[in-house]
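Undergrad: Below is one structure. I have some questions about it.
Read the figures in this text as sums done on the coordinates, not as results from a lab. Computed from a predicted structure; not experimentally measured. Quick reminder, even Gly has a Cβ in these numbers, built from the backbone with ideal geometry, and neighbours come from all protein chains shown.
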Amino acid sequence: GAGVSQSPSNKVTEKGKDVELRCDPISGHTALYWYRQSLGQGLEFLIYFQGNSAPDKSGLPSDRFSAERTGGSVSTLTIQRTQQEDSAVYLCASTPPGALNTGELFFGEGSRLTVL
Amino acid sequence: GDSVTQMEGPVTLSEEAFLTINCTYTATGYPSLFWYVQYPGEGLQLLLKATKADDKGSNKGFEATYRKETTSFHLEKGSVQVSDSAVYFCALRASTGNQFYFGTGTSLTVIP
């Protein structure tokens, strides 16, 4: 597709269930970021992938959160045993090689997660 | 650590009014600075950027100047339009590493 694609766009789940959120970056983009946007808050960094390097997981809020990126393309963010405070919009962004110096992050439209 | 603080909203203006959204930052070294915009129902997109002190970023009539002495990157537009109604995010890219830091966003509504 032309842009960063995220799915599902909306997810409602019960507390304690696991959820998976998917991000399909723009073809050829080597860097991929996950952010979380809670109501009234800024974007909170979660995790960053760059090519084949080990990901920067420093923003993951707890060990219930994990992410992987298969084949350097699609990424999945997994939240285990969801809690109500996990309710937020999860944003994925990608950027092509060499673009990090210019800061051109391309964002998807986000996955809105609601934990009941 | 690095951070961004931006003016809280919401902001409501009449069409053709002057807009300022304040943004200040805390960072080591020389970060790059950005404004992103999120129109209703859409993803975030880059509005403008500045990568060194005294640079002025501009796009779609919006401007922001990288002021190192005041650690600020205020967004301005001389005459807003209804189509400018959106949420605006100030952001910085750390001078080392690949981290981006975002402000909390400022919602702007322009009324005819």
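Undergrad: Keeping to the range B:52-75, report how many residues are crowded, with 20+ Cβ neighbours inside 10 Å and either free of Cβ contacts under 8 Å to residues at least 24 places away in the same chain or among the small types (Gly, Ala, Ser) (or both).
TA: The total comes to 2.
Undergrad: Mind checking which residues of the range A:73-93 are touching a Cys at 6+ places or on another chain (Cβ under 8 Å) and not aliphatic (A, V, I, L, M)?
TA: A:Ser75, A:Thr76, A:Cys92
Undergrad: Counting only residues that are within 14 Å of chain A (Cβ to nearest Cβ), touching a residue at least 24 places away in the same chain (Cβ under 8 Å) and part of a loop (DSSP other than H, G, I, E, B), which one in the range B:76-112 is farthest from B:Gly9 (Cα to Cα)?
TA: The extreme case among them is B:Thr96.
Undergrad: Something else: Are any of the residues in the range A:96-116 within 14 Å of chain B (Cβ to nearest Cβ), over 22 Å from A:Gln41 (Cα atoms), touching a Ser or Thr at 6+ places or on another chain (Cβ under 9 Å) and of a type in the set (S, T, N, Q)?
TA: yes
Undergrad: Look at A:Asp24 and say whether it is under 20 Å from A:Gly3 (Cα atoms), acidic (Asp, Glu) and within 14 Å of chain B (Cβ to nearest Cβ).
TA: So A:Asp24 fits the description; yes.
Undergrad: State the number of residues belonging to the range B:15-50 that are part of a loop (DSSP other than H, G, I, E, B) and either small (Gly, Ala, Ser) or more than 17 Å from A:Thr95 (Cβ to Cβ) (or both).
TA: Counting residues in the range B:15-50 that are part of a loop (DSSP other than H, G, I, E, B) and either small (Gly, Ala, Ser) or more than 17 Å from A:Thr95 (Cβ to Cβ) (or both) gives 14.
Undergrad: Considering each residue of the range B:37-51, count those that are at the interface with chain A (Cβ under 8 Å from one of its Cβ atoms) and surrounded by 18 or more Cβ atoms within 10 Å (Cβ to Cβ), and give that number.
TA: 4
Undergrad: Tell me yes or no: at least one residue of the range B:4-12 is away from chain A (no Cβ under 11 Å), farther than 17 Å from B:Phe62 by Cβ, free of Cβ contacts under 8 Å to residues at least 60 places away in the same chain and surrounded by fewer than 16 Cβ atoms within 10 Å (Cβ to Cβ).
TA: no
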